[in-house]
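To keep things clear, I will list the structure first and then write my remarks on it.
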Amino acid sequence: MSSTSPAATLTFLGAAGTVTGSKFLVETDGARLLVDCGLFQGPRQWRRRNWEPLPVDPLTIDAVVLTHSHLDHCGALPLLARHGFTGPVVCSPGTAALAAIVLRDAAHLEELEAEYARRDGYSKHTPALPLFDTDDAEKAITLLQPHTGDGPTRLPGGATVSLHRSAHILGSTFAVLDIGGVRTLFTGDMGRPVHPLLAPPAPAVDADVVVTESTYGARQHATTGRAVLAEAIVRTARRGGVCLLPAFAVDRTPSLLVVLARLRQDGAIPSLPVHVDSPMALRALEVYRRAAAAHDPQLRPEVTDELLSGVHLDAARGDSERLNYPAGPCIIISASGMATGGRVLHHLAAQLPDRRNTILLTGYQVPGTRGAALADGARQVKIHGEYVPVRAEVVVVDGFSAHADADELLAWFTTVHPPRTAYVVHGEPDSAATFARRLGDELDWNAVVPGYREKVALRARQE
Ligand SMILES: [Zn+2]
């Protein structure tokens, strides 16, 4: 072990002690880089950190590397831009396309929430303010710098980064950062070999340091997701009810549309109208269609533009209100996926009180969100300042996760040499601790769970 000062350091400014808020600061004498710049979501004690000044002056950051376009990875970019950051945000073309949609939508929701809160007087801030606004989001979007070439991208301070397919959402990548003679692999969010739309992740690469997610570090995914989904839809249709699927607009909605189309083709579910009530989901679907038309290698070869444009979209735009009182059994897909905001809140308020209906939760629900409360059997949920009774059936459909589970992650890592240190992040405390233990026990890795704002040295394996 070297006692000299390290060539680079790494500080965990998010996704440490919790799943959300991914922000990893890498510093050398010559450069200051941020890998991901996400928002905290879920419990208030984490969300309020979004309102605190960033622990690092945005003016001093040279560049951001963005692994993918989910809000807990890119959602703080507008804050960075508002406070003076003007450097490049290096990402894949798919991430740039989807991040623009996601950031515009997030700014719009922030503005809308502040507006509701002002009108109904339930804000904790006086006057109610959005965390960031459309101007901030637009500023951030201009900084997105999609990298199209095959080789690594040059960053300030002599650093380079290469981005590799991670099969989590379209454009998602793991990042391999070379800086100060040290190679660090950031998994970002690692997807799965069984994604309905995306090609399997690229193989892991040898690195001196690994920063790995652990969302499902203590769990194995069920393989019965399709059957559970189909049975719940059949049951609900028999009752004459509505199936409401809160779903992430990006990726989960197109994935669900394809899964539903296949279930219908197989005769596993009746042919019900499918309504996608999320303008963002429809915009994101367009990005998937363009990728399919261009034969993007991120997508499975069988995922064609025809398949995506063939999904049965009954009605979609602008008629949320009418959908609150559908004429008969139907499937409504709406965002956000954890029911933290967006149009799905109006649908939940309308559908939750009716016993014939079913709420189907197909994604990860961060503790503290309405989605997590529903999954845990809450009898009421608070929506727009009012308690709504939960009489509808609530079904947690496991198996559609876009995150690798513990076994899948371990299998992915078995092909590389042990790093000098692996930092286990992006997990609730139990998941991170369990996964760190398994990396140690099963792969003989030196794996630790870092603390929020902890700073560590980056050193090469053979130093
Ligand atoms: Zn993600």
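The values are calculated or read from the model by the stated rules, or taken from the named source; none is laboratory data. All of these numbers come straight from a predicted model, not from anything done at the bench. Cβ atoms come from the backbone with ideal geometry, glycine included; neighbour counts cover every protein chain shown.
Structure notes:
- Restricting region 148-169 to residues that are on the phi > 0 side of the Ramachandran plot and either surrounded by fewer than 23 Cβ atoms within 10 Å (Cβ to Cβ) or not in a loop (DSSP other than H, G, I, E, B) (or both), the residue that is farthest from the ligand (Cβ to nearest atom): Gly158
- Filter pass, Ala378 being surrounded by fewer than 19 Cβ atoms within 10 Å (Cβ to Cβ), touching a helix residue (DSSP H, G or I) at 6+ places or on another chain (Cβ under 9 Å) and not in a helix (DSSP H, G or I): yes
- Candidate set from region 403-421 (those that are within 16 Å of the ligand (Cβ to nearest atom) and touching a strand residue (DSSP E or B) at 6+ places or on another chain (Cβ under 8 Å)); member that is farthest from Pro196 (Cα to Cα): Leu409
- Qualifying residue in region 253-276 (condition: within 21 Å of the chain's Cα centre (by Cα), under 27 Å from Asp354 (Cα atoms) and assigned to a strand (DSSP E or B)): yes
- Residue within region 379-400 that is of a type in the set (Ser, Thr, Tyr) and modelled with pLDDT of 95 or more present: yes
- Candidates are the residues of region 1-18 that are aliphatic (A, V, I, L, M) and part of a loop (DSSP other than H, G, I, E, B); the one that is modelled with the lowest pLDDT is Met1.
- Sole exception among (1) in a helix (DSSP H, G or I); (2) within 16 Å of the ligand (Cβ to nearest atom) for Phe400, by number: (1)
- Hits in region 70-83 - residues which are more than 16 Å from Glu138 (Cβ to Cβ) and either outside any helix (DSSP H, G or I) or away from the ligand (no atom under 16 Å from the Cβ) (or both): His70
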